[in-house]
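Undergrad: Mind looking over this structure? Questions follow.
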Amino acid sequence: MSQSSLSGIKKRPLLSILIGLLSLLLGYLLLWPVPFDPLAGPKRAPNPAGSGVFAKNNALAQARLIESGHGPEGVAFDAKGRMYTGLHNGDILRQKSGGGFERIANTGGRPLGMDFDARGQLIIADALEGLISMAPDGAMTTLATDFEGKRMLFVDDVSIASDGKIYFSDASQRHAYGSDIIEVFERRPSGRLMVYNPRDKSLAVLMDNLYFANGVALSQDEAFVLINETFDHRIMRYWLKGAKAGTSDVFIENLPGYIDNITEGPKGSFWLAVVSARSDDLDALVPAPFLRKLVYRWMQLTGSSPAQQHSYAVKLDAKGNVLASLEDDSGHIYMMTSVLEHEGNLYLGSLTNHAIGVIAAP
């Protein structure tokens, strides 16, 4: 047998193995089951990032950092000016007068948005444990976990009206905390804007079928409440007073990223946290559910993620106009979930950072 014949015999098994591996990969990408049933959506409007008021800047990279622990998502201040936050492990922290934080309670879940009511109770939206009220001494009272006999899967953010009513979001009725990335690929809206009345302990749904209901904020005159749709890059407005009471409309849309919490600012303004910049590639896949399945399988195989270390703090006026946009893609401020203005400074929470950012408000 010639040398060339031996070489051909050696190459054929290697070629067969390569073809087999490629066939397995192709079969996985095309056929492997995924934990969602995607819907097609409308073609996205062009991403406004990098132009106009969203012209590139790295202003947030100048923020100083206050070490807190893993994932200080929400930030709130009590009547004494003490800062509170909640961590990934369920801890509720209060800043000490000399600096640093002290642990005062643990929710047993994952605290997200938080706000103080008129009685000094810290109202906490806990993704796993529901709506919680915490007394100044750390004592916990669960306000709501279920609606009409069904568990709320993902309580996310809160805003409290002067009459004590608590407006909050239930981000998804399909996917719980930790599986929320699936919402990007599925596009089946199931989020809700809800209200809890502590006087009679009643619970009601104001809006449903939202694309991941997230941040909640009341207008200064409490004529309306805002609710963020993270994966539709827009904010909806639900009217509480006036001729439009009980109806909803779009407050602002086509924002440059995945929006998270929203808080009330001075003079009727709002501060919006953009946790991550939009992916133009994923935007292009909104009308293509089959391709979204393929991309999801590829990300599962490679361990990649659409989330970028690129966050924005966006200031809006009472009519939904953008007044300012501060951003950072340097990795200093990242996965930013909340922006709270307090005594001339912005306090920046994060889903995964180990510190709260602080920078002078523009």
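No value in this document is a laboratory result; all are computed from the given coordinates. These numbers were taken from a predicted model, which means no experiment stands behind them. No Cβ is skipped: glycine too gets one built from the backbone with ideal geometry, and neighbour counts run over all protein chains shown.
Undergrad: In whole Å, what is the distance between the alpha-carbon centres of the range 238-315 and the range 158-182?
TA: Spelled out, the Cα-based centre of one part sits 15 Å from the other.
Undergrad: Sequence gap at least 6, Cα distance under 8 Å: using those rules, report the relative contact order of the chain to the nearest whole percent.
TA: Working: 894 pairs, mean separation 62.3, N = 362.
The normalised contact order for the chain reaches 17 percent.
Undergrad: Which whole number in µm²/s is D for the chain by Stokes-Einstein, with the Kirkwood Rh taken over Cα pairs at 37 °C and 0.692 mPa s?
TA: Working: Rh = 21.6 Å.
This corresponds to a translational diffusion coefficient of 152 µm²/s.
Undergrad: To the nearest 500 deg cm²/dmol, what mean residue ellipticity at 222 nm is calculated for the chain from DSSP H runs of n ≥ 4 alone, each contributing -39,500 (n - 2.57), summed and divided by the residues? Before the final figure, lay out the partial values.
TA: On the way: 4 runs with 53 residues, N = 362.
The helix contribution divided over the chain gives -4500 deg cm²/dmol.
Undergrad: Which of Arg188, Arg237, Arg82 has the fewest other C-beta atoms within 10 Å, and how do the rest follow up to the most? Mind showing how you got there, number by number?
TA: On the way: Arg188 16, Arg237 20, Arg82 13.
Ordered from fewest to most neighbouring Cβ atoms within 10 Å, Arg188, Arg237, Arg82 come out as Arg82, Arg188, Arg237.
Undergrad: May I ask you to list the aspartates and glutamates whose Cα is less than 16 Å away from that of Lys43, ignoring any residue fewer than eight positions away on the same chain?
TA: Partners found: Glu186, Asp232, Glu253, Asp280, Asp281, Asp283.
Undergrad: Let me ask another. Take every Cα pair under 8 Å in the range 236-362 that's 6+ residues apart, average their separations, divide by the length, and report that relative contact order as a whole percent.
TA: Details: 237 pairs, mean separation 27.0, N = 127.
Result for the range 236-362 is 21 percent.
Undergrad: Could you please rank Phe77, Phe168, placing first whichever residue has the fewest other Cβ atoms within 10 Å of its Cβ? Let's see the in-between values first.
TA: Numbers: Phe77 16, Phe168 30.
By the 10 Å Cβ count, ascending, the order reads Phe77, Phe168.
Undergrad: Something else now. For the range 51-182, state the average projected area of the convex hull of the C-alpha atoms over all orientations, rounded to one decimal in nm². Before the final figure, lay out each step's value.
TA: On the way: hull surface 43.0 nm².
Averaging across all directions leaves 10.8 nm² for the Cα convex hull.
Undergrad: Next question. Using a Gaussian network model on the chain with a 10 Å cutoff between Cα atoms, which of Gly69, Gly215, Gly120 fluctuates the most?
TA: Ranking Gly69, Gly215, Gly120 by mean-square fluctuation puts Gly120 first.
Undergrad: Using Cβ counts within 10 Å as a stand-in for footprinting exposure, how do Ile227, Ile252 rank, fewest first? Walk me through the intermediate numbers first.
TA: Details: Ile227 30, Ile252 20.
With the sparsest Cβ surroundings first, the list reads Ile252, Ile227.
Undergrad: So how much slack lies between Leu206 and Ala79, counting 0.36 nm per residue of separation and subtracting their Cα-Cα distance, in nm?
TA: Details: separation 127, 0.36 × 127 = 45.72 nm, distance 2.97 nm.
My answer for the length gained is 42.7 nm.
Undergrad: Continuing with the same structure: For Gln220 and Glu343 in the same chain, what is the full-extension length gain: residue separation times 0.36 nm, less their Cα-Cα distance, in nm? Write down the numbers at each step before the final one.
TA: Values: separation 123, 0.36 × 123 = 44.28 nm, distance 1.74 nm.
Length gained between Gln220 and Glu343: 42.5 nm.
Undergrad: Pull out the extension gain between Lys244 and Leu31, defined as 0.36 nm times the separation in residues minus the alpha carbon to alpha carbon distance; nm, one decimal.
TA: On the way: separation 213, 0.36 × 213 = 76.68 nm, distance 4.79 nm.
Full-extension gain reported as 71.9 nm.
Undergrad: Could you compute the FRET efficiency for Ile181 and Glu148, with r as their C-beta to C-beta distance and R0 at 22 Å, rounded to 0.05? Can you show the working numbers first?
TA: Numbers: r = 27 Å, r/R0 = 1.25.
The calculated FRET efficiency here is 0.20.
Undergrad: Taking the chain as a Gaussian network, Cα atoms linked when under 10 Å apart, which of Pro189, Pro33, Pro72 shows the biggest mean-square fluctuation?
TA: Pro33
Undergrad: Now a separate question. Check the range 52-360 and count each lysine pair with an alpha-carbon distance under 21 angstrom, considering only pairs eight or more places apart or from different chains.
TA: Here the count comes out as 11.
Undergrad: What distance in nm lies between label points placed 7 Å from Cα along the C-beta direction at Leu21 and Arg199?
TA: Taking the two extended label points, one gets 6.9 nm.
Undergrad: Let me ask you something else. Cut-off 11 Å, label point 7 angstrom out along Cα-to-Cβ of Ala318: give me the residues of the range 213-230 whose amide nitrogen falls inside.
TA: 219-224
Undergrad: Calculate the FRET efficiency for Glu253 and Asp163 from the Cβ-Cβ distance with a Förster distance of 25 Å, rounded to the nearest 0.05.
TA: Working: r = 30 Å, r/R0 = 1.19.
My answer for the efficiency is 0.25.
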